[in-house]
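These notes are about the structure you will find just below.
The values are calculated or read from the model by the stated rules, or taken from the named source; none is laboratory data. A quick note: this is a predicted structure, and the numbers were derived from the prediction, not measured. Glycine also receives a Cβ, built like all others from the backbone with ideal geometry; neighbour counts cover every protein chain displayed. Ligands, DNA and RNA are excluded from the accessible area calculation, which covers all protein heavy atoms including side chains. Shrake-Rupley method; radii C 1.70, N 1.55, O 1.52, S 1.80 Å.
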Amino acid sequence: MTRLDVGVFARPDWPDVPVYGRFEYLMDYLFWTGNEVVSYARSMNLNVHDLKRDDATREKVEDELRGADPVFFFHASHGGDNILTGQGMSNLICCPGLHPCPEPNHEVLSDRVIYTLSCSSAKELGPAVIEANGISYIGYLPLLWIVVLEGDDVDAVFKDIWAGGAIALIDGKTTGEAYNWLRRRYEYWISYWEMNPGWEAPIMIWVLQADLQNLKLLGKRDARIRSTQTRVESKIEEEVMS
Amino acid sequence: MRSKEKIEVGKLVLERGEYVKGAVDKWFKEIPKEELDKPVIAAFGQELKPITYTPRELYEELKGEIKERKVPKEREAFVSEIMKRYGEAEK
């Protein structure tokens, strides 16, 4: 049985491809999103094992997963059908499939809730993890897109949605509730851009619709990563008691 | 102004390619010059070279696809949004 209220966060960040936006490189957007999630997790007393940049390697992630034995695994990097990548596009976690995986290690995610911001892994890796008794897998298939124009209602929208899904889990929501929250948040921003006349609007709507369509939840919908009640449940209980 | 009407992009491109191209041209002309050659969208794939597109690359690819009367399924939502905003006057 993995430990509730504990999370391992695998957050590579390297100069992958220049985008000349709010950040110089594409990976920086995922690191930015991860910073918000980790900061929130700490504020909510989740036991955080944060593996950043050069620490986001296969060996260190495996060690941390086996040692800390967390229920929650957060990953934000590039991905493929059967692979999640680590620092410098290295092989972090993989199962047999499309891309070379000489040493499959997907079983290290057994009995855990996985939240990954990456492309394609819900195709082969996600099902393999669930098959190996993973609890739930929230990921994307085929692609995870971002618009890299700077703005509170442009690139920051993706941080808002992506961090929000993980924050919902940290708040004590079930995987099904977090998934539904993500869907509603995508829909909210699509509606927002439907009313916006800017040249960016067709791109924003297209990309948000694609991400919404590509979002997948595999495995259990009623799993939680927290042992305590959600904040809302606690407040209701407090009010009833008083 | 954006229309709520559902657009069948495949059929529209096949039957009225020039009309679709006109709307795409109008959209492209609205993009500030300094934004044309900077990446606007990107994906987090595992390919050695991650996928990025500038507005000009999107426009050029779209123009080619419209010319061949075949817009890929995954790009139909993009064309549909352009048509709702920039295709209205010529309907």
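Restricting the first member to the range B:1-20 and to residues that are over 19 Å from B:K70 (Cα atoms), and the second to residues that are open to solvent by less than 100 Å² (accessible area, probe 1.4 Å) and at pLDDT below 85, the beta-carbon pairs closer than 9 Å and six or more apart or on different chains are B:M1/B:E88; B:R2/B:E88; B:S3/B:E88.
Would you point out the residue of the range A:216-242, among those that are modelled with pLDDT of 95 or more and either out of contact with any helix residue (DSSP H, G or I) (no Cβ under 9 Å at 6 or more places or on another chain) or of a type in the set (A, V, I, L, M, F, W, C) (or both), that is most open to solvent (accessible area, probe 1.4 Å)?
Looking only at the range A:216-242, we keep the residues that are modelled with pLDDT of 95 or more, and these are A:216-226.
If we keep only those that are either out of contact with any helix residue (DSSP H, G or I) (no Cβ under 9 Å at 6 or more places or on another chain) or of a type in the set (A, V, I, L, M, F, W, C) (or both) as well, we get A:217-218, A:223, A:225.
Details: A:L217: 27, A:L218: 43, A:A223: 12, A:I225: 1 Å².
Applying the filter and picking the extreme gives A:L218.
Screening the range A:6-35 for residues that are open to solvent by 10 Å² or more (accessible area, probe 1.4 Å) and among the hydrophobic types (A, V, I, L, M, F, W, C) and picking the one that is nearest to A:L117 (Cα to Cα) gives A:F31. Those strands (runs of 3 or more DSSP E) of the range A:110-215 in which 3 or more residues are at pLDDT 95 or above, surrounded by 18 or more Cβ atoms within 10 Å (Cβ to Cβ) and touching a Ser or Thr at 6+ places or on another chain (Cβ under 9 Å) occupy A:113-117, A:136-140.
Let's see how each residue does on (1) in a strand (DSSP E or B); (2) more than 14 Å from chain B (Cβ to nearest Cβ); (3) open to solvent by 20 Å² or more (accessible area, probe 1.4 Å); (4) touching a His at 6+ places or on another chain (Cβ under 7 Å):
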{"site": "A:V37", "(1), (2), (3), (4)": "no, yes, no, no"}
{"site": "A:A41", "(1), (2), (3), (4)": "no, yes, no, no"}
{"site": "A:N45", "(1), (2), (3), (4)": "no, yes, yes, no"}
{"site": "A:D54", "(1), (2), (3), (4)": "no, yes, yes, no"}
{"site": "A:E59", "(1), (2), (3), (4)": "no, yes, yes, no"}
{"site": "A:E62", "(1), (2), (3), (4)": "no, yes, yes, no"}
{"site": "A:F73", "(1), (2), (3), (4)": "yes, yes, no, no"}
{"site": "A:T85", "(1), (2), (3), (4)": "yes, no, no, yes"}
{"site": "A:N91", "(1), (2), (3), (4)": "yes, no, yes, no"}
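Remark: pairs (first residue in the range B:59-81, of a type in the set (G, A, S); second residue part of a helix (DSSP H, G or I); Cβ separation under 8 Å; 6+ apart in sequence or on different chains) = B:A77/A:I205; B:A77/A:W206; B:A77/A:Q209; B:A77/A:A210; B:S80/B:V9.
Annotation: A:D13 fulfils all but one of (1) assigned to a strand (DSSP E or B); (2) farther than 25 Å from A:K173 by Cβ; the unmet one is (1).
Does A:D155 satisfy the criteria of being more than 14 Å from chain B (Cβ to nearest Cβ) and touching a residue at least 24 places away in the same chain (Cβ under 8 Å)? I'd like the intermediate steps shown before the answer.
Numbers: more than 14 Å from chain B (Cβ to nearest Cβ): no; touching a residue at least 24 places away in the same chain (Cβ under 8 Å): yes.
Considered against the rule, which asks whether it is more than 14 Å from chain B (Cβ to nearest Cβ) and touching a residue at least 24 places away in the same chain (Cβ under 8 Å), A:D155 comes out as no.
Comparison of A:W181, A:W199, A:W206 shows that the only residue that is farther than 30 Å from B:P55 by Cα and among the aromatic types (F, W, Y) is A:W181.
Answer yes or no: is there a residue in the range A:176-193 that is in contact with a Phe, Trp or Tyr (Cβ under 6 Å, 6 or more places away or on another chain) and within 11 Å of chain B (Cβ to nearest Cβ). If you could, list the steps in order and put the result at the bottom.
Restricting attention to the range A:176-193, the residues satisfying the condition of being in contact with a Phe, Trp or Tyr (Cβ under 6 Å, 6 or more places away or on another chain) are none.
Looking for residues that are in contact with a Phe, Trp or Tyr (Cβ under 6 Å, 6 or more places away or on another chain) and within 11 Å of chain B (Cβ to nearest Cβ), one finds none in the range A:176-193, hence no.
The set of residues in the range A:194-230 being within 17 Å of the chain's Cα centre (by Cα), over 30 Å from A:A132 (Cα atoms) and either facing chain B (nearest Cβ under 8 Å) or basic (K, R) (or both) is empty. The set of residues from the range B:31-89 being within 8 Å of chain A (Cβ to nearest Cβ), within 11 Å of the chain's Cα centre (by Cα) and not in a helix (DSSP H, G or I) is empty.
Looking at A:N105, A:N47, A:N82, can you tell me which residue is farther than 28 Å from A:S227 by Cβ, of a type in the set (S, T, N, Q) and in contact (Cβ under 8 Å) with a residue 24 or more places away in the chain? If you could, list the steps in order and put the result at the bottom.
Working: A:N105 fails: farther than 28 Å from A:S227 by Cβ; A:N47 fails: farther than 28 Å from A:S227 by Cβ.
Only one candidate passes the filter, namely A:N82.
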